[in-house]
1. Condition check: of a type in the set (A, V, I, L, M, F, W, C), open to solvent by 40 Å² or more (accessible area, probe 1.4 Å), touching a residue at least 40 places away in the same chain (Cβ under 8 Å) and in contact with an Asp or Glu (Cβ under 9 Å, 6 or more places away or on another chain). Does L189 satisfy that?
2. Filter the stretch 136-179 down to the residues that are part of a helix (DSSP H, G or I), in contact (Cβ under 8 Å) with a residue 60 or more places away in the chain and farther than 20 Å from E220 by Cβ and list them by number.
3. Can you find a residue in the stretch 214-233 that is within 24 Å of E120 (Cα to Cα) and polar (S, T, N, Q)?
4. For the stretch 192-204, which positions are open to solvent by less than 20 Å² (accessible area, probe 1.4 Å) and modelled with pLDDT under 95?
5. Can we say I264 is modelled with pLDDT of 95 or more, open to solvent by 30 Å² or more (accessible area, probe 1.4 Å) and part of a strand (DSSP E or B)?
6. Anything in the stretch 223-244 that is β-branched (V, I, T) and in contact with a Leu (Cβ under 9 Å, 6 or more places away or on another chain)? List them, or say none.
7. Mind checking which pairs have a first residue in the stretch 19-46 that is closer than 16 Å to S71 by Cα and of a type in the set (G, A, S) and a second that is part of a strand (DSSP E or B) and open to solvent by less than 80 Å² (accessible area, probe 1.4 Å), Cβ under 9 Å, 6 or more apart or different chains?
8. Scan the stretch 117-135 for residues that are of a type outside the set (D, E, K, R), surrounded by 13 or more Cβ atoms within 10 Å (Cβ to Cβ) and out of contact with any Asp or Glu (no Cβ under 9 Å at 6 or more places or on another chain) and jot them down.
Amino acid sequence: MYEEFFTIGDVSKSTNIPISTLRYYDKVGLLSPALKNDDTNYRYYSPKQIFVLKVINHMRNLGFSIDYIKSHFENMNYTHTLELFQKVLSETQLEIEKLKSIEKELIESHDKFKENFQLEQKIGNPFIENSLNIKGIIYGESTHNSKELSKVLKLINSFEGKNNLHPELRGFKTSFKSWKKNRYSKDYLFAHMKEENINISIIIPEGKYACVYGKGVFEEHEIVENLLKWITANNYTAKHEFYITFTDLLMFKSKKDFLYLLRIPIM
């Protein structure tokens, strides 16, 4: 009797479906072997079931769930199966859009890390930059210590989150008058957003700047003083303020890894 049927091993080889998957199909009621030997507990499949398994395999490759495939075989009419295909197509299109979004974020994160890696090679080497107006949002509250700064940053994060804003550049402006009184003073914080219609205020004015990349807690280093000396040595005159900008705090493990750009406007 069993000569007309195939063992689970034979079926697995002919369909490229693992034995474990065939047993799973049996367990969930998708497709059970046509015969079962109670003495040996062997499972046997009919020739027709080989074809059914190939259909199942094809539908699984197309993204159909077990429940959808069971529904297809239970109803077996064009209208019902067409509806199943339309559902799977809609679900697949949503998944594609989700994957595209993830791909975009991965590319952006990759580019940011690559950019920061390249910028690290420039740390400590001053250069001159002619900048056009950089626009964004100015958060006008000044801060004078880390506690005040942390409080303002929380308010800023809350504001950006509620308004679904995505900062591409953050930073702050400090006058040399404030700096000399308290190295931890910031006159105001600012951000340039991806959403261009939000970027109304000028956060960094057009002009010539002496610039240098730094790493770590800039208040604890002499980077401002060193750049001022470089400005004087190169026959420039510094104006009365400076700007610190950075891209994304999430990219840094700790304060010592913090990468930033110091800009001092010059004449």
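1. When the stated conditions are applied, L189 does not pass them.
2. Answer for the stretch 136-179, where residues must be part of a helix (DSSP H, G or I), in contact (Cβ under 8 Å) with a residue 60 or more places away in the chain and farther than 20 Å from E220 by Cβ: just K177.
3. Going through the stretch 214-233, the residues within 24 Å of E120 (Cα to Cα) turn out to be 214-231.
Next, from what is left, pick out any that are polar (S, T, N, Q): 226.
Yes, some residue in the stretch 214-233 is within 24 Å of E120 (Cα to Cα) and polar (S, T, N, Q).
4. Of the residues in the stretch 192-204, the ones open to solvent by less than 20 Å² (accessible area, probe 1.4 Å) are 193, 199, 203-204.
Result: M193, single match.
5. Values: modelled with pLDDT of 95 or more: yes; open to solvent by 30 Å² or more (accessible area, probe 1.4 Å): no; part of a strand (DSSP E or B): yes.
The answer is no for I264.
6. Within the stretch 223-244, the first condition is being β-branched (V, I, T), and the residues that meet it are 223-224, 231-232, 237, 244.
Result: I223, V224, I244.
7. Cβ pairs passing all conditions: S32/R43.
8. Start the filter on the stretch 117-135 by keeping residues that are of a type outside the set (D, E, K, R), which leaves 117-119, 121, 123-128, 130-134.
The next check asks that each one be surrounded by 13 or more Cβ atoms within 10 Å (Cβ to Cβ); those that pass are 119, 123, 126, 131, 134.
Listed by number, the residues that qualify are L119, I123, P126.
The values are calculated or read from the model by the stated rules, or taken from the named source; none is laboratory data. These figures come from a predicted structure and were not determined experimentally. Here the Cβ is made from the backbone with ideal geometry for all residues, glycine too, and neighbour counts use every protein chain on show. These area figures cover heavy atoms from the full protein model, side chains too; ligands, DNA and RNA do not enter into them. Shrake-Rupley method; radii C 1.70, N 1.55, O 1.52, S 1.80 Å.
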